[in-house]
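**Student:** One structure, as structure tokens, below. Some questions next.
Only the coordinates and a few stated rules stand behind these numbers; no lab work does. All values reported here derive from a predicted model rather than from experimental measurement. Reconstructed Cβ throughout: ideal geometry from the backbone, glycine too, with neighbour counts over all protein chains shown.
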Amino acid sequence: MTMAVMTRASLGHTGRPKQADRLTILIYMLVNLGALLRVFGPTIGLPTQLMLSTAAAAWSGAYLLFAAVYGPYLIRASLDE
């Protein structure tokens, strides 16, 4: 939910269309993958360290991708100006 609010607010405040592109969808998928692995990983018998490392990598990757995609939007001038 936090990532969805961050992406929508970033697009809205910079004057861009409020539509999720492919990279934004990938960001959402990575966050959800990390959450699913963290919650359900132990029930499917994954090794704990592998499950936690993969979940952390997915979650961290989502936030790094957000910074890479949305950072330039937030640094530059709004399209409305």
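**Student:** Of everything in the range 38-63 that's over 30 Å from residue 15 (Cα atoms) and hydroxyl-bearing (Ser, Thr, Tyr), which residue is surrounded by the fewest Cβ atoms within 10 Å (Cβ to Cβ)?
**Tutor:** 43
**Student:** In the range 64-81, which residue that is touching a residue at least 60 places away in the same chain (Cβ under 8 Å) and out of contact with any Gly (no Cβ under 7 Å at 6 or more places or on another chain) is surrounded by the fewest Cβ atoms within 10 Å (Cβ to Cβ)? Spell out the reasoning first.
**Tutor:** As a first pass, look at the range 64-81 and keep what is touching a residue at least 60 places away in the same chain (Cβ under 8 Å): 66, 70, 73-74, 76, 78-81.
Adding the requirement that they be out of contact with any Gly (no Cβ under 7 Å at 6 or more places or on another chain) leaves 66, 70, 73-74, 76, 81.
Details: 66: 20, 70: 20, 73: 16, 74: 12, 76: 9, 81: 6.
Step by step, filter the range 64-81, then rank; the result is 81.
**Student:** Considering each residue of the range 10-38, count those that are assigned to a helix (DSSP H, G or I) and either under 16 Å from residue 65 (Cα atoms) or in contact with a helix residue (DSSP H, G or I) (Cβ under 9 Å, 6 or more places away or on another chain) (or both), and give that number.
**Tutor:** Matching residues across the range 10-38 total 20.
**Student:** Continuing with the same structure: Filtering the range 30-59 down to residues that are in contact (Cβ under 8 Å) with a residue 24 or more places away in the chain and of a type in the set (Gly, Ala, Ser), which residue is farthest from residue 1 (Cα to Cα)?
**Tutor:** Start the filter on the range 30-59 by keeping residues that are in contact (Cβ under 8 Å) with a residue 24 or more places away in the chain, which leaves 30-31, 33-35, 58-59.
The next check asks that each one be of a type in the set (Gly, Ala, Ser); those that pass are 34-35, 58.
On the way: 34: 14, 35: 12, 58: 16 Å.
Looking at the filtered set, the residue picked out is 58.
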